[in-house]
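Engineer: Questions regarding the structure given below will be posed in turn.
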Amino acid sequence: MSFDAYRCPEGHVTYPDHAVCPECGDEQTETVDLTDEVGTVVTWTTSTATPPGVREPNHLAIVEFDLGDASVRALGQTTDPVETGDEVTPVYVEELRDPDAGIREEESQDWDGYRFEPA
Amino acid sequence: MDRVAVIGASMTQFGQRDAWIRELLAEAGEACLDEAGVDGSALDHLYVSNMASGEFEGQTGVPNALAHDLGALGAYTQRVDQTSASGGAGVYAAWQSVASGASELTLLVGGEKMTHRTTAEATDVIASLTHPVEYKHGVTLPSFAGMTARHYLESYDAPRDSLAKVAVKNHRNGVDNPHAQFRKEVDEKTVLESPIVADPLRLYDFCPITDGSAALLFCPESVAAEYTDDYSVISGIGGATDTHVVHERDDPTVMGGVVESSDTAYEMAGLDPDDVDVAELHDMFTILEVLQLEDLGFFEKGEGWRAAAKGVTARDGDLPVNTSGGLKSKGHPLGASGVAQAYEIHQQVTGNAGERQVDADVGLACNVGGFGNCVTTTIVEAAE
């Protein structure tokens, strides 16, 4: 398993990938695995009105990873309540929500991914 | 260039309605044509702003259905889906149809039927606009609002109650709107003690789920007086998009689509933010009104939260915002909202806003789709 961000030759990094780098239009040619990185919580919420198949309450955060020459952000569930500025690490989860319950076609996307756990 | 005039406007009762999408659209469309004294058969173009009639109700092909119901057979029809900004995008399409010379008479009807679904189901339909990496985490539009509100309050040291004041103001305005879903004042304590929906935001920071529709009729300014003396003119309009993936924005408190669409609209109109007398902003969440006040150039970044507290955006303030009650109290039938915003501005600049009337020659409507993902800003002026 890997938690891949995508880098173009200019050094711009995005998560997720795009057809071309949104910053410069170059092809994104490399991946950067965030699995072992420590991120910082930029902001968070706890959602208490969740769609079908989603845990309730749902703790969510936007996390920033400083990669030295670039940084990249990712949105994800958190294992526990967090605060702005907290350090977190990714934890793999096989199924983040029930793929059968919502409106999105199950086969159209992945349902596994990474929650963030306080470091 | 001949500018584009608005020669008719209507909106239905917003709220929980028994009518389904076809009936809602026909109700506003017929009322708008009647007001202008025009038959459906005279229409060259007919646009329908609607996000998700297929997903909500299993009824697709609504523009064709509406053309048939209004006797507008032969007209060019098109559905405009820009999620929550479908209405604003519809105004853009209708404006374009007349400005380009392709149509001499265009009707736009925006509508949505939502309340037959549970809150969880409706939330999921709307959240389906998100990227797969967002959707799988169960993120909702209210969740984005919670995260952005927290970041805003922490970044600019703004008090939580500043957002509650937006809700209080807009509910106060909605009392005088006969079409509004809620015509009831709320006090700040009620807002701040309502149940948490997406921390730090609470129930009263969010707009309701709503059924309803609204319509506008457009023609070239040069022939508008042949239809009515009470017309307004679209002097500026712009549309812009921001990132699909919300966390990829450099500054989560800046809505780039609002900045860019309004820059285009101001330039086309030859106006500055200072020239705007009244505005309808997309207050799907209280924080959004604050962000738009800043990104439309009315306030510096980080200062917009002071507006409601100081009374600047109250109906008797220097810049009345959401005299209609906004999405917050009027309701938010997705595809109808951008059309209903323009309806309110049209009523204001033509002097037909009744108890809600303010002194206004220039009005602005900002319709936001997704969480700022796609935006249309429209400037409407009184006829000269």
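Engineer: Of the residues in the range A:1-54, how many are in contact (Cβ under 8 Å) with a residue 60 or more places away in the chain and farther than 26 Å from A:Glu83 by Cβ?
Structural biologist: Total meeting the criteria: 2.
Engineer: Also: Tell me whether the range B:243-261 contains one or more residues that are within 14 Å of another protein chain (Cβ to nearest Cβ), out of contact with any Ser or Thr (no Cβ under 8 Å at 6 or more places or on another chain), farther than 30 Å from B:Met114 by Cα and without any contact (Cβ under 8 Å) to a residue 60 or more places away in the chain.
Structural biologist: Scanning the range B:243-261, I find at least one residue that is within 14 Å of another protein chain (Cβ to nearest Cβ), out of contact with any Ser or Thr (no Cβ under 8 Å at 6 or more places or on another chain), farther than 30 Å from B:Met114 by Cα and without any contact (Cβ under 8 Å) to a residue 60 or more places away in the chain, so the answer is yes.
Engineer: Run down A:Asp98, A:Asp17, A:Asp80 and say which single residue is away from chain B (no Cβ under 11 Å) and in a loop (DSSP other than H, G, I, E, B).
Structural biologist: Details: A:Asp98 fails: away from chain B (no Cβ under 11 Å); A:Asp17 fails: away from chain B (no Cβ under 11 Å).
Of A:Asp98, A:Asp17, A:Asp80, the one residue that is away from chain B (no Cβ under 11 Å) and in a loop (DSSP other than H, G, I, E, B) is A:Asp80.
Engineer: Can you tell me how many residues within the range B:149-159 are touching a residue at least 12 places away in the same chain (Cβ under 8 Å) and facing chain A (nearest Cβ under 7 Å)?
Structural biologist: 2
Engineer: Spot the failing condition for B:Ser235; the list is (1) in a strand (DSSP E or B); (2) closer than 27 Å to A:Leu75 by Cα, and only one is missed.
Structural biologist: Among (1) in a strand (DSSP E or B); (2) closer than 27 Å to A:Leu75 by Cα, the lone unmet condition for B:Ser235 is (2).
Engineer: Every residue in the range A:36-54 that is closer than 27 Å to B:Ala120 by Cβ, more than 13 Å from the chain's Cα centre (by Cα) and more than 7 Å from chain B (Cβ to nearest Cβ), please.
Structural biologist: A:Gly53
Engineer: Would you check if there is a residue in the range B:100-109 being touching a residue at least 60 places away in the same chain (Cβ under 8 Å) and at the interface with chain A (Cβ under 8 Å from one of its Cβ atoms)?
Structural biologist: Within the range B:100-109, none of the residues are touching a residue at least 60 places away in the same chain (Cβ under 8 Å) and at the interface with chain A (Cβ under 8 Å from one of its Cβ atoms).
Engineer: Still on this structure, I have one more. Exactly one condition in (1) more than 7 Å from chain A (Cβ to nearest Cβ); (2) crowded, with 21+ Cβ neighbours inside 10 Å is false for B:Thr123; which is it?
Structural biologist: Here B:Thr123 clears every test but (1).
Engineer: Now for a different question. Please tell me if B:Arg202 is among the charged types (D, E, K, R), more than 13 Å from every other protein chain (Cβ to nearest Cβ) and over 20 Å from B:Val368 (Cα atoms). Let's see the steps before the verdict.
Structural biologist: On the way: among the charged types (D, E, K, R): yes; more than 13 Å from every other protein chain (Cβ to nearest Cβ): no; over 20 Å from B:Val368 (Cα atoms): yes.
No: the conditions fail for B:Arg202.
Engineer: Take the range B:53-70 and flag every residue that is closer than 14 Å to B:Leu25 by Cβ and not in a helix (DSSP H, G or I).
Structural biologist: Once the filter is applied, which keeps residues that are closer than 14 Å to B:Leu25 by Cβ and not in a helix (DSSP H, G or I), the range B:53-70 yields B:Gln59, B:Thr60, B:Gly61, B:Leu70.
Engineer: Given (1) more than 14 Å from every other protein chain (Cβ to nearest Cβ); (2) over 21 Å from B:Ala122 (Cβ atoms); (3) of a type outside the set (S, T, N, Q); (4) outside any helix (DSSP H, G or I), identify the lone condition not met by B:Ala214.
Structural biologist: Of (1) more than 14 Å from every other protein chain (Cβ to nearest Cβ); (2) over 21 Å from B:Ala122 (Cβ atoms); (3) of a type outside the set (S, T, N, Q); (4) outside any helix (DSSP H, G or I), only one is false for B:Ala214: (2).
Engineer: What are the residues in the range B:71-102 that are within 13 Å of B:Arg3 (Cα to Cα) and in a loop (DSSP other than H, G, I, E, B), if any?
Structural biologist: B:Ser100, B:Gly101, listed by residue number.
Engineer: Look at the range B:127-142 and say how many of its residues are part of a helix (DSSP H, G or I), within 7 Å of chain A (Cβ to nearest Cβ) and among the aliphatic types (A, V, I, L, M).
Structural biologist: Of the residues in that region, 2 qualify.
Engineer: Here is a list: B:Val312, B:Val380, B:Val362, B:Val368. Which entry is more than 17 Å from B:Gly174 (Cα to Cα) and free of Cβ contacts under 8 Å to residues at least 24 places away in the same chain?
Structural biologist: Residue meeting the stated conditions: B:Val312.
Engineer: Another question about this same structure. Does any residue in the range B:1-16 that is farther than 15 Å from B:Ile345 by Cβ come within less than 6 Å, Cβ to Cβ, of a residue that is surrounded by fewer than 23 Cβ atoms within 10 Å (Cβ to Cβ) and among the hydroxyl-bearing types (Ser, Thr, Tyr) six or more places away or on a different chain, and which pairs are these?
Structural biologist: B:Asp2/B:Ser222; B:Gln16/B:Thr115
Engineer: Could you go through the range B:269-282 and let me know if any residue there is part of a helix (DSSP H, G or I) and more than 18 Å from B:Ala382 (Cα to Cα).
Structural biologist: No: the range B:269-282 contains no residue that is part of a helix (DSSP H, G or I) and more than 18 Å from B:Ala382 (Cα to Cα).
Engineer: Also: Which residues, taken from the range B:247-268, are closer than 18 Å to B:Cys366 by Cβ, in a helix (DSSP H, G or I) and of a type outside the set (Ser, Thr, Tyr)?
Structural biologist: Hits for the range B:247-268 are B:Gly256, B:Gly257, B:Val258, B:Val259, B:Glu260, B:Asp263, B:Ala265, B:Glu267, B:Met268.
Engineer: May I pose another question? On the basis of being in a strand (DSSP E or B) and surrounded by 24 or more Cβ atoms within 10 Å (Cβ to Cβ), does B:Val48 make the cut? Spell out the reasoning first.
Structural biologist: Working: in a strand (DSSP E or B): yes; surrounded by 24 or more Cβ atoms within 10 Å (Cβ to Cβ): yes.
Judged against the criteria, B:Val48 is a match.
Engineer: Could I ask something else about it? Report, by residue number, each residue of the range B:101-120 that is more than 16 Å from B:Phe206 (Cβ to Cβ) and either surrounded by 24 or more Cβ atoms within 10 Å (Cβ to Cβ) or in contact with a Pro (Cβ under 6 Å, 6 or more places away or on another chain) (or both).
Structural biologist: Hits for the range B:101-120 are B:Thr106, B:Leu107, B:Leu108, B:Val109, B:Gly110, B:Gly111, B:Glu112, B:Lys113.
Engineer: It is to be established whether one or more residues within the range B:218-225 are in contact (Cβ under 8 Å) with a residue 12 or more places away in the chain and within 14 Å of chain A (Cβ to nearest Cβ).
Structural biologist: No, the conditions are met nowhere in the range B:218-225.
Engineer: Here is a follow-up. Say whether the condition of being out of contact with any Lys or Arg (no Cβ under 8 Å at 6 or more places or on another chain), in a helix (DSSP H, G or I) and crowded, with 24+ Cβ neighbours inside 10 Å is met by at least one residue in the range B:364-382.
Structural biologist: no
Engineer: Of everything in the range B:328-358 that's charged (D, E, K, R) and in contact with a helix residue (DSSP H, G or I) (Cβ under 9 Å, 6 or more places away or on another chain), which residue is surrounded by the fewest Cβ atoms within 10 Å (Cβ to Cβ)?
Structural biologist: The qualifying residue surrounded by the fewest Cβ atoms within 10 Å (Cβ to Cβ) is B:Arg356.
Engineer: Do you know which residues across the range A:55-65 are part of a loop (DSSP other than H, G, I, E, B) and touching a residue at least 24 places away in the same chain (Cβ under 8 Å)? Reasoning before the result, please.
Structural biologist: Of all residues in the range A:55-65, those part of a loop (DSSP other than H, G, I, E, B) come to A:55-57.
The answer is A:Arg55, and nothing else.
Engineer: Continuing with this model, one more query. Please work out if A:Asp33 is acidic (Asp, Glu) and within 9 Å of chain B (Cβ to nearest Cβ).
Structural biologist: Against the criterion (acidic (Asp, Glu) and within 9 Å of chain B (Cβ to nearest Cβ)), A:Asp33 does not qualify.
Readers should treat all values here as calculations from the given coordinates under stated rules, not as data from a laboratory. The model shown is predicted, which means the values in this text are computed figures rather than measured ones. Quick reminder, even Gly has a Cβ in these numbers, built from the backbone with ideal geometry, and neighbours come from all protein chains shown.
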